[in-house]
1. Give region 61-72 a look and list any residue that's open to solvent by 90 Å² or more (accessible area, probe 1.4 Å) and either touching a Pro at 6+ places or on another chain (Cβ under 7 Å) or free of Cβ contacts under 8 Å to residues at least 12 places away in the same chain (or both), or say none.
2. Looking at (1) modelled with pLDDT under 80; (2) part of a loop (DSSP other than H, G, I, E, B); (3) among the charged types (D, E, K, R); (4) under 28 Å from Ala19 (Cα atoms), which is the one condition that is false for Glu83?
3. Residue check: is Ala103 outside any strand (DSSP E or B), at pLDDT 80 or above and of a type in the set (A, V, I, L, M, F, W, C)?
4. Out of region 34-60, which residues are in contact (Cβ under 8 Å) with a residue 12 or more places away in the chain, open to solvent by 40 Å² or more (accessible area, probe 1.4 Å), farther than 18 Å from Ala19 by Cβ and in a loop (DSSP other than H, G, I, E, B)?
5. Out of Leu30, Leu16, report the one residue that is surrounded by 16 or more Cβ atoms within 10 Å (Cβ to Cβ), out of contact with any helix residue (DSSP H, G or I) (no Cβ under 6 Å at 6 or more places or on another chain) and part of a loop (DSSP other than H, G, I, E, B).
6. Any residue in region 2-30 that's basic (Lys, Arg): show its pairings with residues that are open to solvent by 60 Å² or more (accessible area, probe 1.4 Å) and modelled with pLDDT under 95 at Cβ separation under 8 Å, as long as the two are six or more apart or on different chains.
Amino acid sequence: GTQVVRVQAGCFLRSLVSALAFHDLCIPSLPILLDQTIGGMISTGSHGSSLRYGTTSELVKGLKIILPSGDLKGLGCCREQQESSAEAHKDLLVDDDTLFRAARMSLGQ
């Protein structure tokens, strides 16, 4: 079955791979560089060498972001864990699914 792992954006891939191996788990397709953060990999579209598994960002099932207002917003499977009400975010110009897709691969600045 599919396993889900929760990590912080600043976690290095090398650390995640090591922790997963301890539990006999792995990421389906690894980039060659292990000294990058998970947040960096996701936002820049890093990928391994397999067309079958896609980019690292496609493996992300949910995430939390800080909005310009300073509010924390859960997206994807983190949506139900939000503490803020939907009313507080009514001024956003995009829906949650669009925001989630954009946050999964922003390509940074």
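1. Hits for region 61-72 are Ile66, Pro68.
2. With (1) modelled with pLDDT under 80; (2) part of a loop (DSSP other than H, G, I, E, B); (3) among the charged types (D, E, K, R); (4) under 28 Å from Ala19 (Cα atoms) applied to Glu83, the lone miss is (4).
3. yes
4. Once the filter is applied, which keeps residues that are in contact (Cβ under 8 Å) with a residue 12 or more places away in the chain, open to solvent by 40 Å² or more (accessible area, probe 1.4 Å), farther than 18 Å from Ala19 by Cβ and in a loop (DSSP other than H, G, I, E, B), region 34-60 yields Ser49, Arg52, Tyr53.
5. Every option except Leu30 fails the conditions.
6. The qualifying pairs are Arg14/Asp35.
The values are calculated or read from the model by the stated rules, or taken from the named source; none is laboratory data. Remember, it's a predicted structure, so these values are computed and weren't measured experimentally. All Cβ positions, even for glycine, are placed from backbone atoms using ideal geometry, and neighbour counts span all protein chains on display. Accessible surface is based on the protein model in full, side chains and every heavy atom, while ligands, DNA and RNA are left aside. Shrake-Rupley method; radii C 1.70, N 1.55, O 1.52, S 1.80 Å.
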